[in-house]
1. Checking the conditions here, which among V394, V354, V360, V332 is more than 16 Å from K113 (Cβ to Cβ), touching a residue at least 12 places away in the same chain (Cβ under 8 Å) and within 16 Å of ligand 2 (Cβ to nearest atom)?
2. State all residues of the stretch 19-55 that are in contact with a Ser or Thr (Cβ under 9 Å, 6 or more places away or on another chain) and not charged (D, E, K, R); if no residue qualifies, say none.
3. Run down E37, E20 and say which single residue is surrounded by 16 or more Cβ atoms within 10 Å (Cβ to Cβ) and either in a loop (DSSP other than H, G, I, E, B) or of a type outside the set (A, V, I, L, M, F, W, C) (or both).
4. Test T348 against the criterion of being within 16 Å of the chain's Cα centre (by Cα), away from ligand 2 (no atom under 16 Å from the Cβ) and surrounded by fewer than 24 Cβ atoms within 10 Å (Cβ to Cβ), and give yes or no.
5. Restricting attention to the stretch 150-172, which residues are buried (at least 18 other Cβ atoms within 10 Å of the Cβ) and more than 27 Å from K285 (Cβ to Cβ)?
6. Against the condition within 13 Å of ligand 2 (Cβ to nearest atom), among the small types (G, A, S) and at pLDDT 95 or above, how does G127 come out, does it pass?
7. Would you pick out the residues in the stretch 178-196 that are more than 15 Å from ligand 1 (Cβ to nearest atom), surrounded by 19 or more Cβ atoms within 10 Å (Cβ to Cβ) and not aliphatic (A, V, I, L, M)?
8. Give the number of residues within the stretch 80-105 that are near ligand 1 (Cβ under 10 Å from one of its atoms) and out of contact with any strand residue (DSSP E or B) (no Cβ under 9 Å at 6 or more places or on another chain).
Amino acid sequence: MKILSNVMEQVLKRNPNEPEFHQAVKEVLESLEPVAERHPEWVKAGIFERIVEPERQIIFRVPWVDDSGKVQVNRGFRVQFNSAIGPYKGGLRFHPSVYLGIIKFLGFEQIFKNSLTGLPIGGGKGGSDFDPKGKSDGEVMRFCQSFMFELARHIGENTDVPAGDIGVGGREIGYMYGMYKKIRNDFTGVLTGKGLTWGGSLVRTEATGYGLCYFMEAALAAKGKSFNGATVVISGSGNVAIYATQKVHQLGGKVVALSDSNGYIYDAEGIKLDTVKQIKEVERKRISEYVKYHPNAIYTEGCSGIWTVKCDIALPSATQNEIDEESAKALVANGCYAVGEGANMPSTPEAVEVFLKNKVIYGPAKAANAGGVATSALEMSQNSMRYSWTFEEVDAKLKDIMVNIYKNASAAAKEYGDPDNLVLGANIAGFLKVANAMYAQGIAY
Ligand code: NDP
Ligand code: 2IT
């Protein structure tokens, strides 16, 4: 790095002990070096220094009472990172590992992802270190209500529109929406991922997994390949993993492995998705239960072993840094020729290096998993119109958006001299639109 090395140094100094945020920023700044060379006016206007600093960071206390009557205290976050091209938009993550550095990395990535969708949404992210696992519905509800009691004053349909992420699905969005409405006396599209009878969009539930497959379908087709007949490994067994599995099966591929944070299942005949949905969505149990229904399947303790399962295509859809260098090498050694990221930043920088060196068709997260937030933006449009599109209409728009993201990322990669490098292409294509808007809106902004 030359022009932008000072920016990175400042990020490290100003944000100590936030390795995930450093990792996300470093990758983007490395990609943007040739852009800085072409745009001295952006360098002069401090666009790069400004884009790595959130516009606003909110940290708040979330007190709630558990089923035994004990008072619990969690920490809540909302990082409003960039509003140059639209209201802050991005999910809420409830997971014990959440701290400011995780929310900042996710919020930073969201800026470029949201720009890539072509829709008018800025970047933001939030969440809490609350662990929904093992909690009763009542406990989850009281936590969500307390969380929204504070968050409500910072968000709004034209200001900041949160949605789900790890640990936040339809149930949690419902509890939060109810509380927002009670506080504000206002029925608006302030959250996305809502239920279908109260403002939700068809396809939002399926969108990230489906979108991931649409993106990868385009990337595979460019190299004369497809999902049809391919063996696929998908990590996680939550929202993204489940609907990626469904779409792979519709496209003629066979998903043979899924995981959770405890371990992974292997089913050589292909994963039976109805069983997974029953275990994860209805019963909220562990993926290990799967072998009770399908004794021919194998459960292995420990989640990283999933990358040693032989496959053609891998779709990491659990969490950040789940594929390290060793796992990436194992995938390549077993003949895996494509990796599409359903999760945010699931591959370490060393793993990405392995994929790029070995000419793996590699779909980076901010491009490949943008279908979720894109459909959230479609939900916002429908809410503004007080109208709903059909499943087929939303699905067609989603597919169109994902194919366009592939085309734009691919074109930017070509223009900047590294045609197959979609990391470079996605980072640059996402950045250009935001930088243009920031430049036009002046420096006080
Ligand atoms: P869910 O909460 O529905 O599912 C998460 C899955 O990942 C679970 O199987 C969970 O296992 C596993 N997982 C979570 N944390 C870890 C961990 N630290 N180690 C191992 N496994 C883990 O979340 P989503 O499916 O919504 O999100 C998955 C990924 O996709 C995240 O990276 C998220 O940021 C990203 N994403 C989500 C979008 C969405 O629309 N929902 C949109 C774009 C990206 P367990 O149950 O054991 O915790
Ligand atoms: O990481 C993501 O893009 C999401 N969790 C979805 C965000 C959204 O606003 O739908």
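1. V394
2. Passing the criteria: Q23, L29.
3. E20
4. Yes, satisfied.
5. Matches in the stretch 150-172: L151, A152, I155, D160, V161, P162.
6. When the stated conditions are applied, G127 passes them.
7. Y180, G189
8. Residues flagged as near ligand 1 (Cβ under 10 Å from one of its atoms) and out of contact with any strand residue (DSSP E or B) (no Cβ under 9 Å at 6 or more places or on another chain) within the stretch 80-105 amount to 2.
The values are calculated or read from the model by the stated rules, or taken from the named source; none is laboratory data. This structure is a prediction, so every number in the text was calculated from the model and none was measured. With ideal geometry, Cβ positions are generated from the backbone for all residues, glycine too; neighbour counts draw on all protein chains shown.
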